[in-house]
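A short write-up of the structure that comes next.
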Protein chains: 2
Amino acid sequence: MIFSEEKIDNYMDLALNEAKKAGERKEVPIGCIIVDNQTGEVISVGSNEREETQNAIKHAEIIAIEAACAKVGSWRLEHTSLFVTLEPCPMCAGAIINSRIEEVIFGASDPKAGSVGSINNLLAETRYNHQPEVLSGVKEQEAGDLLRNFFREIRRKK
Amino acid sequence: MIFSEEKIDNYMDLALNEAKKAGERKEVPIGCIIVDNQTGEVISVGSNEREETQNAIKHAEIIAIEAACAKVGSWRLEHTSLFVTLEPCPMCAGAIINSRIEEVIFGASDPKAGSVGSINNLLAETRYNHQPEVLSGVKEQEAGDLLRNFFREIRRKK
């Protein structure tokens, strides 16, 4: 990993903050940030917008990747790290491969759609043309609690 | 398959036409259309825009899926078929799962990134919450020729 354990925790706090914002907008609370590995600067953020946009593509990671491409002016995000509160789905894992992100750090695992260790591990597939480094379980308790509380609240209201 | 063999060929011709448009814009020639399974109407089209937008997400399928969601006003594209000239990559296969597209028809196989039979088959993975029907090899010669001619021309110019 490029960043120290303390910095990784701090970056994940920023991703968790994005997740909370999504929850306040009644979206499933998932948040993401992308960091420039050379400067440490946060170059983009994203949070789940699927319901409000009614767009199947608008996961936190996709929003952050598109914003990072716009910021750096390239589809190649080679010297960046992506921090996300939940294990990426196949679409987002594929977007990470396609954008050549160097490192991926995620929080909670997702047994239902997680494609970075749960259902399969697309980011370890050497037949794709890019394999990022991966660190899992960073602040997974906080990330998981956000999700569990969100769904508990929905069930309570029904 | 919902549509007849003749209709499938006609729809793939429309996707091939989108691919040609991408090639004329110096993009890798890949095209996609999405059809309403109930009316047969083409509800969206997409062609590869990665280079011109410098956005890693802008594959033909993603563009068509986002446009289809906007058209129907929902992230669920349950009663639709997606026609694409090249086997989907993991990102696009994941987007197809996420948008609940009913049927996927593709042309040429992609040994480098194809995730619907070549490297793996994400659309047959029953642990994801949706498995579309898949038909491969439709007009694969035309779809493959478009790609081979495009790359031959690039090598010739170098």
Euclidean distance of C-alpha centroids, the range B:85-152 and the range A:87-131, integer Å: 18 Å
How far apart, in nm, are two points set 7 Å out from the Cα along the Cα-to-Cβ line at B:Glu153 and at A:Arg76? 2.3 nm
For the protein assembly as shown, list log₁₀ I(q)/I(0) at each q in 0.08, 0.09, 0.15 Å⁻¹, using the Debye formula over Cα point scatterers of equal strength and ignoring solvent, two decimals each. -0.35, -0.44, -1.18
Computed for the protein assembly as shown: size of charge dipole around the Cα centre, +1 on C-beta of each Lys and Arg, -1 on C-beta of each Asp and Glu, debye to nearest 20, value 180 debye
Rh (Kirkwood, all Cα-Cα pairs) for the range A:5-157, Å, reads 15.2 Å
Residue order for A:Thr39, A:Thr53 - accessible surface, 1.4 angstrom probe, largest first: A:Thr39, A:Thr53
For B:72-85, mean number of other protein chain Cβ atoms within 10 Å: 1
Among B:114-122, A:85-93, the order from most to least packed when residues are scored by Cβ within 10 Å on average: A:85-93, B:114-122
So which of B:Lys71/B:Lys112; A:Lys58/B:Lys112; A:Lys157/B:Lys58; A:Lys21/A:Lys139; A:Lys58/B:Lys21 end up more than 29 Å apart, counting from Cα to Cα? B:Lys71/B:Lys112; A:Lys157/B:Lys58
Which of the DSSP-defined H helices in chain A satisfy a minimum axial length of 15 Å, computed from C-alpha atoms, and a minimum mean Kyte-Doolittle hydropathy of 0.5? A:60-72
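The values are calculated or read from the model by the stated rules, or taken from the named source; none is laboratory data. Bear in mind that the values here come from a model prediction, so they are computed numbers and not experimental data. Heads up, the Cβs are rebuilt from the backbone with ideal geometry, glycines too, and the neighbour counts pull from every protein chain shown. Accessible surface areas use protein heavy atoms only, side chains included; no ligands, DNA or RNA. Shrake-Rupley method; radii C 1.70, N 1.55, O 1.52, S 1.80 Å.
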